[in-house]
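Everything on this sheet refers to the single structure shown next.
The values are calculated or read from the model by the stated rules, or taken from the named source; none is laboratory data. Model, not experiment: these values are computed from the prediction. Using ideal geometry, Cβ is built from the backbone for each residue, glycine included, and neighbour counts are taken over all protein chains shown. Side chains are part of the model used for accessible areas, which takes the heavy atoms of the whole protein and leaves out ligands, DNA and RNA. Shrake-Rupley method; radii C 1.70, N 1.55, O 1.52, S 1.80 Å.
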Amino acid sequence: MKPSVRCLLSLLVALLLPGCMSGVYQTTLPPRAAAHPGMGGNAKYTIAQIRLQVRGKSLSSSGIIALTPKDSQSQPQAPAAKMALTEETWREMLNTAAAGRHPALFTTTYPAVPLAVSIDASTDNSIGASIAAEICTLCVLGGVLPLPFKEEAQITVSVMPLEANGAAAQSFAFTRKNNMWITIFTPFGLIPYPARTDIPRSTMALPLMLDIPAMTKESWRIYGFTADCIVEGIIREMEKNPKAFAAARQPLPPVASPPVSGQPPPNAPPPPIVLPPQPPPTDDQVY
């Protein structure tokens, strides 16, 4: 067999070998396992408004992995065209996480006290350093031996009742880290990454060209983890500052429409009925 043919066959075999990865996920704001008993009263909260800002470079938290409509079926909330985490998608994820973990305090239906949430995320990863390490080791790291890869997101969240009545927004911040290692041509990447994890670690074998549905499912798991952390932060702010949220728990009074052309507002009580004065009875009318 000619050397060129052997090289071509070796390349084809290498392309069929699975790449492997193992990763852990950490946060400085781990969600508590127990459901919150509620803050008193019958009113519940719902997240009605989201403002989202993502800055920096990210592979798994800013939504750059493209999806086809078929791939999006693996997650009911996944957009059909691409994994673009819109403000509406985050609102749905946060409400689902909040009502699922704290049903005594949050609901996905109305009537409920609406909350406004602002999320500012700054992300960074070590992909440049990882590629340089792979090149400098002639693909020994990453190709044969596990190549470490890290991603970090600094997330700041502000929350306040939509009807705040002058109350200031409550803010908190936390860090979420993804640590993993990857191999392309060997199964060594399945060796568990040596670090603690706040959710079950991930291990998967992937073709060289990536298994998009598997990566999609794993990315949505990370998004769900981030949503749980944000909900945990909101709960802690409610516990620390109950007065900032208590005022909004009261039902808002009905707003009367302004009068039009001198007419009374529709909510005004009807005017009293005034009968015309009657003449005094005559002798003929007295029985």
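Applying the criterion of being without any contact (Cβ under 8 Å) to a residue 24 or more places away in the chain and farther than 30 Å from Leu147 by Cβ to the residues of the stretch 83-95, the residue that is most open to solvent (accessible area, probe 1.4 Å) is Glu92.
Count of the stretch 171-191 residues, restricted to those that are open to solvent by 30 Å² or more (accessible area, probe 1.4 Å), under 27 Å from the mean Cα position of the chain (by Cα) and not aliphatic (A, V, I, L, M), is 3.
Within the stretch 118-135, residues that are more than 9 Å from Ala153 (Cβ to Cβ) sit with their Cβ atoms under 9 Å from residues that are of a type in the set (Lys, Arg) and assigned to a strand (DSSP E or B), at 6+ positions apart or across chains, in these pairs: Ser118/Arg51; Ile119/Arg51; Asp120/Arg51; Asp120/Arg55; Asn125/Lys150; Ser126/Lys150; Ala129/Lys150; Ser130/Lys150.
Candidates in the stretch 101-123 are the residues that are of a type in the set (Gly, Ala, Ser) and either under 13 Å from the mean Cα position of the chain (by Cα) or farther than 22 Å from Tyr223 by Cα (or both); of these, the one that is most open to solvent (accessible area, probe 1.4 Å) is Ala104. Applying the set (1) in contact with a strand residue (DSSP E or B) (Cβ under 9 Å, 6 or more places away or on another chain); (2) open to solvent by 20 Å² or more (accessible area, probe 1.4 Å); (3) part of a helix (DSSP H, G or I); (4) not hydroxyl-bearing (Ser, Thr, Tyr) to Gly128 leaves exactly one unmet item: (1). At positive phi and at pLDDT below 75, is that true of Ser257? It is false that Ser257 is at positive phi and at pLDDT below 75.
The listed residues are Glu134, Glu152, and the only one of them that is surrounded by 16 or more Cβ atoms within 10 Å (Cβ to Cβ), at pLDDT 85 or above and charged (D, E, K, R) turns out to be Glu152. Of everything in the stretch 221-238, what is modelled with pLDDT under 90, surrounded by 19 or more Cβ atoms within 10 Å (Cβ to Cβ) and not aliphatic (A, V, I, L, M)? Give them in sequence order. Hit for the stretch 221-238 is Tyr223, nothing else.
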